[in-house]
1. Pairs under 7 Å by beta carbon, first residue at pLDDT 95 or above in region 123-140, partner in a helix (DSSP H, G or I) and not hydrophobic (A, V, I, L, M, F, W, C), six or more apart or different chains?
2. How many residues does region 106-140 contain that are in a strand (DSSP E or B) and more than 29 Å from VAL199 (Cα to Cα)?
3. Only one residue in LYS68, LYS62 is modelled with pLDDT of 95 or more, in a helix (DSSP H, G or I) and over 17 Å from the mean Cα position of the chain (by Cα), so which one is that?
4. Can you tell which of TYR60, TYR98 is within 30 Å of ARG226 (Cα to Cα), of a type in the set (Ser, Thr, Tyr) and open to solvent by less than 10 Å² (accessible area, probe 1.4 Å)?
5. Identify all residues within region 156-182 that are touching a residue at least 60 places away in the same chain (Cβ under 8 Å), out of contact with any Gly (no Cβ under 8 Å at 6 or more places or on another chain) and either farther than 21 Å from ILE77 by Cα or open to solvent by 70 Å² or more (accessible area, probe 1.4 Å) (or both); write none if there are none.
6. Mind listing whichever residues of region 196-210 are part of a helix (DSSP H, G or I), free of Cβ contacts under 8 Å to residues at least 24 places away in the same chain and open to solvent by less than 40 Å² (accessible area, probe 1.4 Å)?
7. Given (1) open to solvent by 20 Å² or more (accessible area, probe 1.4 Å); (2) β-branched (Val, Ile, Thr); (3) at pLDDT 95 or above, identify the lone condition not met by THR193.
8. ALA143 fails exactly one of the following numbered conditions: (1) of a type in the set (A, V, I, L, M, F, W, C); (2) outside any helix (DSSP H, G or I); (3) open to solvent by 10 Å² or more (accessible area, probe 1.4 Å). What is the number of that condition?
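The values are calculated or read from the model by the stated rules, or taken from the named source; none is laboratory data. Bear in mind that the values here come from a model prediction, so they are computed numbers and not experimental data. Cβ placement follows ideal geometry from the backbone for every residue including glycine, while neighbour counts extend to all protein chains displayed. Keep in mind that these areas ignore ligands, DNA and RNA; they rest on the heavy atoms of the full protein, side chains included. Shrake-Rupley method; radii C 1.70, N 1.55, O 1.52, S 1.80 Å.
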Amino acid sequence: MKITIVHGQSHQGSTYHISEMLARKLGGEVTEFFLPRDFGEFCVGCTRCFGESETKCPHYEKLSPITKALDDADVIILASPVYVYHATGAMKAFLDHYGWRWMVHRPEEKMFSKQVVCISTAAGSGMKSTNKDMAHSAFFWGAARIYRYGVAVMETSWERVGGKKKQKIEKKLDSLARNIRKRQKSVRPSVKTRAFFTVMSIMQRHGFNKADADYWAAKGWTGKKRPWKS
């Protein structure tokens, strides 16, 4: 199993330790990136990725190693601590760069066989909205399965998190890892994802954006072909 972790921060706090713990339980080859250390560029809103090609993005080359790791992974872990009830600015800036990969544009077919885990921690609350920030992108990328795990560690340092709290986290991650491994052999997109893809397929038959319409036509997705059946 190949696992790619994208950390929404560059320090190794509670969110980092929990995502690492899950990766260990899953087993396999792990590739990880820390934001903004490994990628910290803001989308400049040029829209060239939509209208022409993602290769026209001024940050395309810098983002390429992460893109490749996402494509190669079986499981993707998006991890962010809660910053003012949402994902970190670094995580948001990172996700902004993949707007062109949303199903409304040019989704990557490999994504339809991947499982994505969204992990967030907070000293208090805000995990639900933070995981939602990341899960939104995972859904519109076409991820086959999306899991969300948020936990209030009630501390600003992993070292100060109590033993009982850590035991509860470990138990939850054991269950999560079992579910992921169980589905890995025959992972398939949810009904919601397949239904949304079908709507996009109909729309792309008369797409208003040539780059997107040409992409869908070349894949055969405006007909009966589907990426999860390839």
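1. Listed by first residue and then by second, the contacts come to ASP133/LYS92; PHE139/THR193.
2. 4
3. LYS62
4. After ruling out the rest, the residue left standing is TYR98.
5. VAL161, GLU170, ARG181
6. Correct list: SER201, GLN204.
7. (1)
8. It fails just one condition, (3).
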